[in-house]
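Presented below is the structure to which this report refers.
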Amino acid sequence: MNAAQAAVTAQASERPSVEFGYRSIRLRTPWWSARLPMRPVVVSTLLAGLAVIGAAASLLLGDYPLSPGMVRDALLGNADSFPTTVVTEWRLPIALSALLFGGLLGIGGAIFQSLTRNPLGSPDVIGFDAGAYTAVVITVLVVGARGYWVLAGAAIGGGLIAAMVIYLLAYRRGVQGFRLIIVGIAVSAVLGSLNSYLITRAEVDDAISVGFWAAGSLNRISWTSLWPASVLGALIVLAAALLSPALRKLELGDDAAVTQGLRVNRARLALMVTGVATSALVTAAAGPIGFIALVAPQLARRMTGSAGAAVFSAAATGAALLVAAQLTSLVLAQLYRPVPVGLITLCLGGLYLIWLLIHESRRHESRHRSGATS
């Protein structure tokens, strides 16, 4: 009997491992195990590395140019007081915020594009950013409050209220992604009209302040606003990591998710709150920065070859995109005049949106023709 068991064991050990069709990295601990596909891991690591290199390069640029050696000495505390102040107090918070906010926008875009199953399903297109922006405009122009925590709370609350209104208006025996996007665009237009009315009725100085803030800029970021944003951002990233398995199950459909033991409504609500919090936090700190949440998940999906919008690949792509936009803003400031990073992402994202609409239209036409011929 022992010899038979030994033979079976030896035969089982010689069997080849299961082939998943892609190279993967297997992680195993006494408590859990996971299999990570190689290509998304490599691509995400490269993008994150490029984002960090770009953020480091941004420390060199500005009205007071610095050499790499001066930046290194300033970070180590070996430089004079003024270069140290320029690097550690002025430029370093902006560079770190580009990494953090770009990653958060990528996560928010991946969540909503997966929930809506639509490449247009990002917080800025659906209208959640408009709700956060309107709440901040009301807080500044009507209430008269400007503290960071007040603006952050108002932005998150406004984004959640806008999400709830859009969800209720789009609900009809469930929520379809296309209907959610159309309703979100309509609500965003209404909120945009309200913002314009409030700005035209405000004092000139307040209106100019809100107008500059609405352009979306990282130049106002300091350690005072970055520290609380980093704490809240870490909590959002943790929530996204814990909810990522539920998001993968929801991509299979509600029925399939229920059969896997997922509480669909609770998981969808938690994911929506997390996605809204990403854009609301960025809006409160830097103003609305559009189209990063729209572009990053789609670029990540194409580069990694994954079927859906992977959350952390989208985060690495979003960080790289926002850092690149910030570098472009710094270069334009040297050559011409300062341009807010939100305007750069808006121009590039608008071109991408046009391409995406044309691409989706052609794909639907080809599907229709193939279905008609069959």
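Are there trypsin sites (Lys or Arg not before Pro) in the stretch 200-265 that DSSP puts in a loop and that have at most 12 other Cβ atoms within 10 Å, and which ones?
Arg263
Between the helical axis of 341-373 and the dominant principal axis of the chain, each derived from Cα atoms, what acute angle in degrees is found, rounded to the nearest 10?
With rounding to tens, the tilt is 40 degrees.
Ranking Phe291, Phe101, Phe82, Phe212 by Cβ neighbours within 10 Å, fewest first, what do you get?
Starting with the residue having the fewest Cβ neighbours, the order is Phe82, Phe212, Phe291, Phe101.
With label points built 7 Å along Cα→Cβ from the Cα atoms of Ser193 and Arg220, find their separation and express it in nm.
Spacing of the two 7 Å Cα→Cβ label points: 2.7 nm.
With +1 on each Lys and Arg Cβ and -1 on each Asp and Glu Cβ, how big is the dipole of the stretch 149-235 about its Cα centre, in debye rounded to the nearest 20?
The calculation lands at about 500 debye.
Averaging sequence separations of C-alpha pairs under 8 Å and six or more residues apart, then dividing by the length of the stretch 47-128, give the relative contact order as a whole percent.
22
³J(HN,Hα) across the stretch 288-297 via Karplus (A = 6.51, B = -1.76, C = 1.60, θ = phi - 60°), whole Hz, x for Gly/Pro?
My calculation for the stretch 288-297 gives x, 10, x, 6, 5, 5, 7, 7, 4, x Hz in order.
Report the residue, chosen from Ser313, Ser97, Ser67, that carries the largest GNM mean-square fluctuation when the chain is represented by alpha-carbon nodes joined by springs under 10 Å.
Result for the chain, Cα springs under 10 Å: Ser67 fluctuates most.
At what distance in nm do the modelled label points of Val52 and Leu332 sit from each other, each positioned 7 Å from its Cα along Cα→Cβ?
Between Val52 and Leu332, the label points sit 2.9 nm apart.
Compute the angle between helix 92-116 and the longest alpha-carbon principal axis of the chain, please, reported from 0 to 90 degrees and rounded to the nearest 10.
50
Only four residue types carry charge here, +1 at the Cβ of Lys and Arg and -1 at the Cβ of Asp and Glu. Report the dipole size of the chain about the Cα centre in Debye, rounded to the nearest 20.
The calculation lands at about 1340 debye.
Using only C-alpha positions, report the orientation-averaged shadow area of the convex hull of the chain, nm², one decimal.
Projected over every direction and averaged, the Cα hull of the chain covers 26.6 nm².
Take the chain, mark every one of the GluC sites (Glu not before Pro) that falls in a DSSP loop and has at most 16 other Cβ within 10 Å, then report the longest stretch left between them, sites excluded.
It works out to 20-202.
Please pull out the direction-averaged projected area of the stretch 65-180, using the convex hull of its alpha-carbon atoms, in nm² to one decimal place.
10.3
Cut-off is 10 Å between beta-carbons; in what order do Asp63, Asp80, Asp129 appear when sorted fewest neighbours first?
Ascending number of Cβ neighbours within 10 Å: Asp63, Asp80, Asp129.
Tell me which of Ala186, Ala48, Ser209 sits at the most positive position along the dipole axis of the stretch 37-363, charges placed on C-beta atoms (Lys, Arg +1; Asp, Glu -1).
Looking along the dipole axis, the top candidate is Ala186.
Amide H neighbours of Val339 under 5 Å, counting only residues 5+ apart in sequence or on other chains, H built in-plane at 1.01 Å?
Here the answer is Ala333, since their amide H atoms fall under 5 Å of that of Val339.
If you line up the long axis of helix 177-201 against the longest principal axis of the chain, both from Cα atoms, how many degrees apart are they, to the nearest 10?
Taking the Cα atoms of the chain, the angle to 177-201 is about 10 degrees.
Tell me the relative contact order for the chain as a rounded percent, counting alpha carbon contacts under 8 Å between residues six or more apart.
27
We did not get these values from a lab; they are worked out from the coordinates using the rules stated. The model shown is predicted, which means the values in this text are computed figures rather than measured ones. A quick note on method: Cβ atoms are made from the backbone with ideal geometry, for glycine too, and the neighbour counts reach across all protein chains shown.
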